[in-house]
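Scroll down for the structure; my scribbles are underneath it.
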Amino acid sequence: MVNFVASNSKFMSEELKEQKSNNFIENIIEEDLANGFSSSKLRFRFPPEPNGYLHIGHASSICLNFGLGLRYKSPVNLRFDDTNPSKEEQEYVDAIKRDVEWLGFEWDRECYASDYFQELYDWAVQLIKQGKAYVDGQTSEEIAKQKGTPIQAGTESPYRNTSVEENLQLFERMKNGEFENGKYVLRAKIDMASPNMLMRDPIIYRIMHASHHRTGNQWCIYPMYDWAHGESDYLEQVSHSICTLEFLPHRELYDWFLDQIYDEKLVRPKQREFARRNLSHTIVSKRKLLQLVNEKHVSGWDDPRMPTISGLRRRGYTPESIRKFADTIGIAKRDNLIDVSLLEFCIREDLNKKANRVMAVLDPVKVVITNYPEGKEEWLDAENNPEEEVLTFRKVPFSREIYIEKEDFREEANNKFFRLKLGGEVRLKNAYIIKAESVVKDENGNINEIHCTYDPNSRSGSGTEASKRKVKGTLHWVSVPHVIEAEARIYDRLFTVAEPDRQEKDFLEYVNPDSLKVTKAYAEPSLKNAKVGEGFQFQRLGYFSLDPDSTAEKLVFNKTVGLKDTWAKVENADI
């Protein structure tokens, strides 16, 4: 189900303006407070695993957890669940911190599950001593087989009743690095007949001879996520552990682990779950995103086509637009597919308020204004952003030769074509009214130049009667002698179908071959002063942002989003 229809901008505007009531997570917290839980003990956390870059799905979780912190004036931890050294890197830690800060949030404590490796190990020893954990020497295939099925109880491991003394000895030898990977695991002894298969003696520790990005080679056994996560929440005194819906079956195990160590004098974390909000035409699986990067389908994790926060930032998305998107979709108890056009709507609305208007031409044809004096130039006033409370202006050069877009001219056209045509008039934005008189073509019949005349009394803002004359078309343009040549990267959706990972074929079969087109841009000279990441509205073309690849000699602009949603029209045309 797609929650928002791409073409229904009026609906979106009303949705964004709608007053938000409490979501069900906030209702849970409010109920806890009403039942006597002290607001001073509220603490939240955002717990990413540093095995990749954060994506738009993580942004919703970030906004939820840090938003709760802001609402209740409570601390929020940033905790890295770094329990799998084979997939985790410092690069990802640094990128995650950068993304959270860029979104506008501050964490109270920077924590790592690896901070607690000794406590987790000591608690595991305690479980063994209590007869609630044992070392298992079966292979992973044997363990999976003896766990049974959702409708058939599992069978006990032949190692389940090994003595406490032998288990303690084996576990210490595991810790000391005496066994190869996969030789043994430590399992909790719970219930092999539980209807929840996660409770059928889950693995707590596995052997992994791998260097950890923080602890180096200090450890060669590492805790499993389920064991480390809840106990880390407890050590940090997190009051409400907010997870995505796939962790709902894990809640029973989360609580069982807490039961083994809980001290009533301390806060007992409460796990609650919310549904993922999947985004159409997007992949958010870290494994698949990594595959896109490794196989060079994209240029990297921050490729502007990627749904990563760093990719969105590079494309020109703003923190405000992503926070607005997260707030608009809210949280729910069941998974839903959100049309990516809502995200595009949020950035379009934000940039409309912030971005200066400039002129650039992507597919040029030269216009020669034959009655404009040769060698003359004027610097005309141009409004930066009509949405500003106090209007500001810049100067744009005008001369005898200008570029306009090829599609803005036709030799012959019907009455519904309001751009330039032979014998017809248009206004040049911030400048004059021109009339097309003739064309110059090459030997193949392609138009090289359009020859026009201009009305010298029609300059915009001059106050003359001619300047007030109405013509139906207004075109953007750039002065040929003053133009800056830049590179424009035109991005489209990375996948051609709404749910590429739910198709019969491999998701890579649906990569959009036209997701990136590179062309020249001929821009007004004010853009020489653009800063990396700064967004502009290229008038009549869309919103563009200056890419980090830019140099003083060569500017590179990424198309963030169009002025209107054109994808919906394409999809509807195919129905």
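The values are calculated or read from the model by the stated rules, or taken from the named source; none is laboratory data. Fair warning: this is a prediction, and the values are worked out from it, not measured in the lab. Positions of Cβ are backbone-derived with ideal geometry, glycine not excepted, and every protein chain shown enters the neighbour counts. Protein only, heavy atoms only, side chains kept; ligands, DNA and RNA dropped before computing areas. Shrake-Rupley method; radii C 1.70, N 1.55, O 1.52, S 1.80 Å.
Residue-level check: of (1) farther than 30 Å from VAL76 by Cβ; (2) open to solvent by 10 Å² or more (accessible area, probe 1.4 Å); (3) β-branched (Val, Ile, Thr), VAL135 misses just (2). Residues in the range 328-387 that are open to solvent by less than 40 Å² (accessible area, probe 1.4 Å), small (Gly, Ala, Ser) and more than 29 Å from PHE495 (Cα to Cα): ALA382 only.
Given the residues PHE398, PHE409, PHE393, which is the only one that is free of Cβ contacts under 8 Å to residues at least 60 places away in the same chain and open to solvent by less than 50 Å² (accessible area, probe 1.4 Å)?
PHE409
The single condition among (1) open to solvent by less than 30 Å² (accessible area, probe 1.4 Å); (2) in contact with a strand residue (DSSP E or B) (Cβ under 9 Å, 6 or more places away or on another chain); (3) within 22 Å of LEU127 (Cα to Cα) that HIS212 does not meet is (3). Among the residues of the range 23-43, are any at pLDDT below 95 and in a loop (DSSP other than H, G, I, E, B)? Within the range 23-43, one or more residues are at pLDDT below 95 and in a loop (DSSP other than H, G, I, E, B).
In this structure, ARG427 does satisfy being under 23 Å from ALA382 (Cβ atoms), among the basic types (Lys, Arg) and not in a loop (DSSP other than H, G, I, E, B). In this structure, ARG79 does satisfy being in a strand (DSSP E or B) and either of a type in the set (D, E, K, R) or open to solvent by less than 10 Å² (accessible area, probe 1.4 Å) (or both).
Between GLU553, GLU509, GLU504, the distinction of being over 30 Å from GLU378 (Cβ atoms), part of a loop (DSSP other than H, G, I, E, B), open to solvent by 30 Å² or more (accessible area, probe 1.4 Å) and among the acidic types (Asp, Glu) belongs to GLU504 only.
Being surrounded by 14 or more Cβ atoms within 10 Å (Cβ to Cβ), hydrophobic (A, V, I, L, M, F, W, C) and touching an Asp or Glu at 6+ places or on another chain (Cβ under 7 Å) is a condition met by no residue of the range 157-177. Considering only residues in the range 437-458 that are within 46 Å of the chain's Cα centre (by Cα) and either among the hydrophobic types (A, V, I, L, M, F, W, C) or open to solvent by 70 Å² or more (accessible area, probe 1.4 Å) (or both), the one that is farthest from ARG540 (Cα to Cα) turns out to be ASN446. The combined condition, being in a loop (DSSP other than H, G, I, E, B) and more than 19 Å from LEU527 (Cα to Cα), is fulfilled by GLU387.
Checked against (1) closer than 22 Å to MET306 by Cα; (2) in a helix (DSSP H, G or I); (3) open to solvent by 20 Å² or more (accessible area, probe 1.4 Å); (4) in contact with a helix residue (DSSP H, G or I) (Cβ under 8 Å, 6 or more places away or on another chain), TYR53 passes all but a single condition, namely (2). Note on the range 263-272: residues that are touching a strand residue (DSSP E or B) at 6+ places or on another chain (Cβ under 7 Å) and touching a residue at least 40 places away in the same chain (Cβ under 8 Å) amount to 3. Scanning the range 62-74 for residues that are assigned to a loop (DSSP other than H, G, I, E, B) and either touching a strand residue (DSSP E or B) at 6+ places or on another chain (Cβ under 7 Å) or touching a residue at least 60 places away in the same chain (Cβ under 8 Å) (or both) yields a total of 1. The residues listed here are TRP123, TRP227; of these, the one that is within 23 Å of LEU258 (Cα to Cα), in contact with a strand residue (DSSP E or B) (Cβ under 7 Å, 6 or more places away or on another chain) and touching a residue at least 24 places away in the same chain (Cβ under 8 Å) is TRP227.
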